[in-house]
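The values are calculated or read from the model by the stated rules, or taken from the named source; none is laboratory data. What you see is a predicted model, and the numbers here were worked out from it, not measured in a lab. Quick reminder, even Gly has a Cβ in these numbers, built from the backbone with ideal geometry, and neighbours come from all protein chains shown. We work out accessible area using only protein heavy atoms, side chains counted, and drop any ligands, DNA or RNA first. Shrake-Rupley method; radii C 1.70, N 1.55, O 1.52, S 1.80 Å.
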Amino acid sequence: MSDTPNPTPESPESESHPGVWSARHRAPEPDPTLGYGAGSGWSSGGTVFAGVLMVVSGILGILNGIAGIARDDVYAHIGNYTYAFSLTTWGWIHLILGIIVTIVGYGILSTAEWARYAGIAIASLYVVAYFMFLPYAPIWSVIAIGIGVFVIWALAGDSSKGAARA
C-alpha cells in the first residue's frame, strides 16, 4: 500500500497522469442554440443517418430511373393495376424524385434549416411513390417505404426540438 492518497479527478495532481480523464480533455456539452444537429445522441445521430439514407436512396433512385427510361423491360409488366403507368413514366418519376431526394439529403447533412422540413415533405412523397410502385418491385419498395418512414421519424423528432427552441 502506498501512503499517498489517490488524486481526485478535479485535483491538480490528476493532470499529471495521462490516464486520468480530466475536465479539460472532455468534449464540451453541445449548445442547443447552434442548430438541429446539436441535440441528443439519438436525435442528431438519427438526423445524420437520415441524411445519409436520403443521399444513398436518391442515388439509387436516379439509377433506377435511368434504367427505367433506357429500357422499358427492366421491370415486370403487370396486369390491371390502379396506378399503372408505363415503365418509362416510372423511370422519369424515379429520376426526378431521386435527384430531389439527393439534394435534400445533402442539405440535411450540411445542416441547412430548410432541408429538415423539405426532407419530411420529400420523404413523404418518396413513401407514396414507392407504395404505388409496389407491384413492379415489391421487395425494394417495402425497403424504400421503411427507409422513408425512418427519415420522416428522424427529421420530425428533431424538428420538434427546433420548434420548442423558437
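Full extension of the segment from LEU125 to ARG71, taken as 0.36 nm per residue of separation minus the current Cα-Cα distance, would add 17.0 nm. Protein-only accessible surface at a 1.4 angstrom probe places the residues THR111, THR47, THR102 in the order THR111, THR102, THR47, largest first. Take the Cα of ALA84, step 7 Å toward its Cβ, do the same at VAL142, and the gap between the two points is 2.4 nm. Computed with a 1.4 Å probe on the full set of protein chains, the accessible area for LEU63 sits at about 100 Å².
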